[in-house]
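Down below is the structure, laid out as structure tokens.
The values are calculated or read from the model by the stated rules, or taken from the named source; none is laboratory data. Please read all numbers here as calculations on a predicted model, not as lab measurements. Counting neighbours? That spans all protein chains shown, and the Cβs are built from the backbone with ideal geometry, glycine included. SASA here: full protein model, heavy atoms, side chains in, ligands and nucleic acids out. Shrake-Rupley method; radii C 1.70, N 1.55, O 1.52, S 1.80 Å.
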Amino acid sequence: MTGNVRPETMARITTPELAQAFIDEQAQELRSQIGDKKVLLALSGGVDSSVVAALLIKAIGKQLVCVHVNHGLLRKGEPEQVIEVFRNQMNANLVYVDAVDRFLDKLAGVADPEQKRKIIGAEFIRVFEEEARKLDGIEFLGQGTIYPDILESDGVKAHHNVGGLPEDLQFELVEPVKLLFKDEVRVVGKALGLPDNMVFRQPFPGPGLGVRCLGAITRDRLECVRESDAILREEFAKNGLEGKVWQYFTVVPDFKSVGVKNGKRTFAYPVILRAVNTTDAMTATVEDVPFSLLEHITDRITHEVDGVNRVLFDLTPKPCATIEWE
Ligand code: XMP
């Protein structure tokens, strides 16, 4: 796609037929732009990068090299799903980088939220750059830029906001969905055969679970966040709230409280549940989750997640709270 302004005549992609026409046209354009060269893409497993990956796989197959960096701050099952969908089902050229220790070692002892974000962003660029240097013949960089990124900022995705790749790694950009709105990206993703839980998933911050493991991240609390988040998502899905509530997640603060289990005193972490609705993330209201479901989720988390003895529900709208806790 050329130009950064969406033509007024461009029809909104709302149906599988319109999505298919877009895919066919883009595949053609991508083939003529890329020729027999290679494209590198950071594939997080989020909607935008997944749709760009699927589109490029359709257009140029193995000339696309996807790099999935597991920084240890992804939700339960996400790295596995990226491997399953892209390597096993779509037969993509996928480099999986286990960078968990690298990220968690860098983050050890760092409590300041903005510092944590900077470290995660900078380390991501470093890992990606190292992988890029190992590969020969890459001339293009795929990016999941979408139209709101262009309208709201300088067109650079949030997790790349610490600066880009070094001078000698300046690739030509390939941004096939840069004129699409989020709902259109989802329709295209569905037409490309991506699974619903990838295409319709709730927003997930670039720094991932790192901003939900409050203060200095420790591995035990990070596991509490990941496991409790998985239970919350499973219960919301079972109870018809998936796709209805805009964003829901769990947070684990860096303090403990006293409890009692099997007649013995415990000293363990609380888990905070958050479920909000919004249209633009500038303001948000709290979802009225049925009390019986909250009780059931509390019961599951306190029994199934090690190191947790208390569950709280955050009743605060935005403002005066933000959606995330840091
Ligand atoms: P807040 O907490 O500011 O969040 O009310 C608004 C929306 O933005 C997401 N969010 C982030 N997304 N990088 C991201 O890519 C970040 O650092 C970040 N912080 C917050 C948040 O999940 C919510 O959807």
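Condition first: among the acidic types (Asp, Glu) and in contact with a Lys or Arg (Cβ under 9 Å, 6 or more places away or on another chain). Now tell me which residues in the range 210-231 satisfy that.
Let us first name the residues in the range 210-231 that are among the acidic types (Asp, Glu), namely 220, 223, 227, 229.
If the condition is that a residue be among the acidic types (Asp, Glu) and in contact with a Lys or Arg (Cβ under 9 Å, 6 or more places away or on another chain), then Glu227, Asp229 are the ones that fit.
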Inset, instruction - Just need a number here: residues in the range 8-36 that are touching a residue at least 60 places away in the same chain (Cβ under 8 Å) and either in contact with a helix residue (DSSP H, G or I) (Cβ under 7 Å, 6 or more places away or on another chain) or over 19 Å from Glu172 (Cβ atoms) (or both). - result: 14
Inset, instruction - May I ask you to verify whether Leu18 is part of a helix (DSSP H, G or I) and surrounded by fewer than 22 Cβ atoms within 10 Å (Cβ to Cβ)? - result: yes
Legend entry - In the range 190-203, the residues that are touching a Lys or Arg at 6+ places or on another chain (Cβ under 7 Å) and within 16 Å of the ligand (Cβ to nearest atom): Phe200
Inset, instruction - Please list, ordered by first then second residue, the pairs with beta carbon atoms under 6 Å, 6 or more apart or interchain, first in the range 97-123 and closer than 18 Å to Ser44 by Cβ and open to solvent by 50 Å² or more (accessible area, probe 1.4 Å), second modelled with pLDDT of 95 or more and not in a helix (DSSP H, G or I). - result: Asp98/Asn70; Arg117/Pro207
Legend entry - Of all residues making up the range 289-326, the number that are of a type in the set (D, E, K, R) and either within 12 Å of the ligand (Cβ to nearest atom) or within 24 Å of Pro205 (Cβ to Cβ) (or both): 4
Inset, instruction - Name the single residue, out of those in the range 274-288 being touching a residue at least 24 places away in the same chain (Cβ under 8 Å) and either part of a strand (DSSP E or B) or under 18 Å from Glu234 (Cα atoms) (or both), that is nearest to the ligand (Cβ to nearest atom). - result: Ala284
Inset, instruction - Could you please find all residues in the range 166-186 being over 21 Å from Asn4 (Cα atoms) and touching a Leu at 6+ places or on another chain (Cβ under 9 Å)? - result: Leu169
Inset, instruction - Scan the range 207-251 for residues that are within 16 Å of the ligand (Cβ to nearest atom), in contact with a Ser or Thr (Cβ under 8 Å, 6 or more places away or on another chain) and not basic (Lys, Arg) and jot them down. - result: Val225, Asp229, Leu232, Trp246, Gln247, Thr250
Legend entry - Scope the range 23-58; condition more than 24 Å from the chain's Cα centre (by Cα) and open to solvent by 10 Å² or more (accessible area, probe 1.4 Å); matching residues: Asp24, Glu25, Gln28, Glu29, Arg31, Ser32, Gln33, Gly35, Asp36, Lys37, Lys38
Legend entry - Qualifying residue in the range 62-80 (condition: in contact with a strand residue (DSSP E or B) (Cβ under 9 Å, 6 or more places away or on another chain), farther than 24 Å from Cys224 by Cα and of a type in the set (D, E, K, R)): yes
Inset, instruction - Filter the range 71-90 for residues that are touching a helix residue (DSSP H, G or I) at 6+ places or on another chain (Cβ under 8 Å) and open to solvent by 20 Å² or more (accessible area, probe 1.4 Å) and give the result. - result: Lys76, Gly77, Gln81, Met90
Legend entry - Criterion violated by Phe124 - all others in (1) within 12 Å of the ligand (Cβ to nearest atom); (2) of a type outside the set (Val, Ile, Thr); (3) at pLDDT below 95 satisfied: (3)
Legend entry - Which listed residue is open to solvent by 80 Å² or more (accessible area, probe 1.4 Å) and among the basic types (Lys, Arg), from Arg310, Arg274: Arg310
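Given the options Arg265, Arg219, Arg233, name the one that is over 30 Å from Lys182 (Cα atoms), of a type outside the set (Asp, Glu), open to solvent by 50 Å² or more (accessible area, probe 1.4 Å) and in contact (Cβ under 8 Å) with a residue 12 or more places away in the chain.
Of the residues listed, the single one that is over 30 Å from Lys182 (Cα atoms), of a type outside the set (Asp, Glu), open to solvent by 50 Å² or more (accessible area, probe 1.4 Å) and in contact (Cβ under 8 Å) with a residue 12 or more places away in the chain is Arg219.
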